[in-house]
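For reference, the structure discussed in these notes is given below.
The values are calculated or read from the model by the stated rules, or taken from the named source; none is laboratory data. On a predicted model such as this, the values are computed, not experimentally measured, just so you know. FYI the Cβ positions are ideal-geometry reconstructions off the backbone, even for glycines, and counts take in every protein chain you see. What goes into the accessible areas is simple: the full protein's heavy atoms, side chains included, and nothing from ligands, DNA or RNA. Shrake-Rupley method; radii C 1.70, N 1.55, O 1.52, S 1.80 Å.
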Amino acid sequence: MLHVFTVVIAVLAGIVAVTAVGIIVVRLVRRTRHRKRAQLATLPRRALLAFVAENGEEGGDELVAIPDDAWRAAEPHALALLGKLRGEAHLGLVSVFLRRGTARTALARLHSRSPVRRARAAQVLGDLELRQAVPELCRLLTDRHAEVRVVAVRALGRIGDPAAAWRIIGSLDRSDPIPSLLASQSLAQLGPEAEVTLSAALDHPQARVRAVCLDALGLLGATGSVNRVARVLREDTNLDVRVAAAANLGKLGTRSALDPLTLAVHSSRPTVLRATAARALGDIGAPAAIPALVALLDDEAYQVAHEAAHALRRIGPAGLDALREIVERDRARAEADGVGAHAQRSAAVLHAEEALALAGVLGEERVGAAR
């Protein structure tokens, strides 16, 4: 029995020793490989930095002539630069990648069995802003891996081809869709030519799709769609969509949005919609909205009154004057009635004082009153 135990211990010790040696060997191999790659990448990285310093006007031929093994070592750094550069330097580096066949390789890797390779290839094509890749990237919007779909949407936004709009919108109508904020940002990156598609998608049966397209129109600054967005605010059956419509009317910032937003703050509307509409009136910044906002300062819903006060602050001098008038009128009434400074004040006055304090003018007024 003792002999068997001794044998077992010896075997386990041998296994541990072999494992330890194996770990050491693997680490040494990795360190050697890393050192070799770093050495290979030294000259290409210097050439890349010089190329960028020259704004992509000189050094392109030298980058194309770099041996393949050295370029592979420096390629991660080059790709990182590609995603950060703009203008002539970006176009110059794109030209280098195209001449080296990077785009062709990335297009082929979009069909790889590995989701990691597909995602990396999609990112490269997006950074290259390669319009020829749009159909293949659109195909990835139905990829079974969510990470691949996310990278594909980002890449399509970076490329900015409005032809991808419907495919991105269609990808939202899934059981596991891409994040709404990412979709809105990518759709907005497609430019003004996508406005017609986004406006048409406001009739989509899925509420989430309509909300995303509203946000994209707001980010795009699509003032030509104000009337269409206002109709969604009035008629849509989904509260979240109507809230999105109100918020984005504020972002679009045209005077034609005042009437539908003023109607949306009516006491018969849901509180969250009224608060959002009040904030949007402040975003527009038109003095014509002041009477409606002043009337909301006494609203029973705290959030509505709060947003109205800060909307008046953001309107500028005319809105601040309206807030001052409320505070001064209350102060005059208190003095006439002989009421102390700490007497209970109305909600409207408290909201007005908060907004004035945030604007940095309330303290000055109090000093002036004390004098």
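Taken one residue at a time, the phi angles of the stretch 223-233 give Karplus couplings (6.51, -1.76, 1.60, θ = phi - 60°) of 5, x, 9, 4, 5, 5, 5, 4, 5, 4, 4 Hz. Gly and Pro are set to x.
So with the 1.4 Å probe, I'd like the accessible area per residue for the chain, rounded to whole Å².
About 54 Å² of surface per residue is accessible.
Axis angle, to the nearest 10 degrees, between helix 317-337 and the longest C-alpha principal axis of the chain: 50 degrees.
Based on C-alpha pairs under 8 angstrom that are at least 6 apart in sequence, the chain has a relative contact order of 7 percent. The GNM of the chain, with springs linking C-alpha atoms under 10 angstrom apart, assigns the highest mean-square fluctuation among GLY360, GLY285, GLY22 to GLY22. Taking Cα atoms only, the orientation of helix 347-359 departs from the longest principal axis of the chain by about 50 degrees. For the stretch 92-248, the fraction of 1.4 Å probe accessible surface lying on carbon and sulfur atoms is 49 percent. Only DSSP H runs of four or more residues enter the estimate; each adds -39500 (n - 2.57), and after division by the residues of the chain the mean residue ellipticity at 222 nm equals -23500 deg cm²/dmol.
Using the alpha-carbon positions of the stretch 186-233, Rg (one decimal) and Dmax (whole number) come out as 9.5, 24 Å. Between helix 115-128 and the chain there is an angle of about 70 degrees, using the helix long axis and the longest principal axis of the Cα atoms. Simple rule: put +1 on each Lys or Arg Cβ and -1 on each Asp or Glu Cβ in the chain, find the dipole, and look at VAL52, ALA222, SER199; the Cα lying farthest toward the positive end is VAL52. Charge dipole (Cα centre; +1 on Lys/Arg Cβ, -1 on Asp/Glu Cβ; no other charges) of the chain amounts to roughly 2040 debye. Heavy-atom accessible surface of LYS251, to the nearest 10 Å², is about 120 Å², with a 1.4 Å probe and all protein chains retained. Above 28 Å, the calculated P(r) of the chain contains 64 percent of its Cα-Cα pairs. If exposed means no more than 15 neighbouring beta carbons inside 10 Å and the site is in a DSSP loop, what's the longest run of the chain without any exposed GluC sites (Glu not before Pro)? The segment 59-299 is the longest one with no such site. Assuming charge only on the beta carbon of Lys and Arg (+1) and of Asp and Glu (-1), the dipole of the stretch 223-331 about its Cα centre is about 340 debye to the nearest 20. Taking a ≥ b ≥ c as the square roots of the eigenvalues of the Cα gyration tensor, the stretch 85-222 is oblate, since a/c reaches 1.5 or more and a/b is not larger than b/c.
Dipole orientation for the chain: of the candidates LEU323, ALA73, GLN132, ALA73 has the Cα lying most toward the positive pole (charges on Cβ; Lys, Arg +1; Asp, Glu -1).
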